[in-house]
Amino acid sequence: MPRQTGKTTLFLAFQIHRCTAPRWSHPQRSAFTAQSGKDARDKWLDELFPLIRRSRKLKPLVRRIYEGMGNEYISFTNGSLIRLLSTSSSSGHSKTLHQSVLDEIWHDTDNRREQGLGPAMITIADAQVLVCSTAGTAASVVLDRQMELGRAAAREDSGHGIAYFEYSARRAGTRWTRTPTSGSCRRCARRLRAGAAAGSGGTRSRWTRSAVSGCQWKHLSSPGRTGMSRTGRG
């Protein structure tokens, strides 16, 4: 997903719905993680906590917003919680979670986040894991794997399990129109057009490897030729 398209705000809506919807009769536990504990804290203290405080509809549902260092959370009147967690492999230990958010996984080079949160959700039948990221680099192995799983699920289209959303374009000339914010304002549209025209120095994201077919890859990786690798800018 491109930058500045509201993905974190969307995840906030998912988390608040999980914690306040009458569908669940008992208190829910939702966790948010980012590329680091500091990044998660900055995101919530600077953007999301103020957003919640300004909402008239959410005000009667929120019991307390706690901003203590290392213990940031939102408590709802029904007993549900949204808690910020670190990215360590032990972050979810001793907790039971109904939902977890893994934001900006392009930074991850190993599975420590999943390993930390997975055991906390293993006994929850309807647990949700929400994963989101902008384009990464050649080192973004976790993002690569999640993309492969998501695309496979989209092709299978079983109607359950994984829901996969990807904002991308096949043709370079139409990239700017495929971002969710392209129609939100004229200024955004102008900047996105400029980024598309600027080539690799613009504001777009590219997955070179995903655009190469199997036959092309075999040809490009033959002896005497330089193989292609995945590059990304976001």
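The values are calculated or read from the model by the stated rules, or taken from the named source; none is laboratory data. Small disclaimer: the values here were computed from a predicted structure and weren't measured. As a convention, Cβ positions derive from the backbone with ideal geometry for all residues, glycine included, and neighbour counts pool all protein chains shown.
Does residue 75 meet the test of being surrounded by 14 or more Cβ atoms within 10 Å (Cβ to Cβ), more than 18 Å from residue 162 (Cβ to Cβ), out of contact with any helix residue (DSSP H, G or I) (no Cβ under 7 Å at 6 or more places or on another chain) and hydroxyl-bearing (Ser, Thr, Tyr)?
yes
Does residue 101 count as outside any helix (DSSP H, G or I) and touching a residue at least 60 places away in the same chain (Cβ under 8 Å)?
Yes, satisfied.
Going through 117, 45 one at a time, which residue ends up being touching a residue at least 40 places away in the same chain (Cβ under 8 Å) and not hydroxyl-bearing (Ser, Thr, Tyr)?
From the options 117, 45, the qualifying one is 117.
Answer yes or no: is there a residue in segment 76-93 that is more than 20 Å from residue 144 (Cβ to Cβ), at pLDDT 85 or above and β-branched (Val, Ile, Thr).
Yes, the conditions are met somewhere in segment 76-93.
Please find, within segment 145-156, the residue that is surrounded by the fewest Cβ atoms within 10 Å (Cβ to Cβ) out of those that are closer than 30 Å to residue 96 by Cβ and of a type outside the set (A, V, I, L, M, F, W, C).
My answer is 148.
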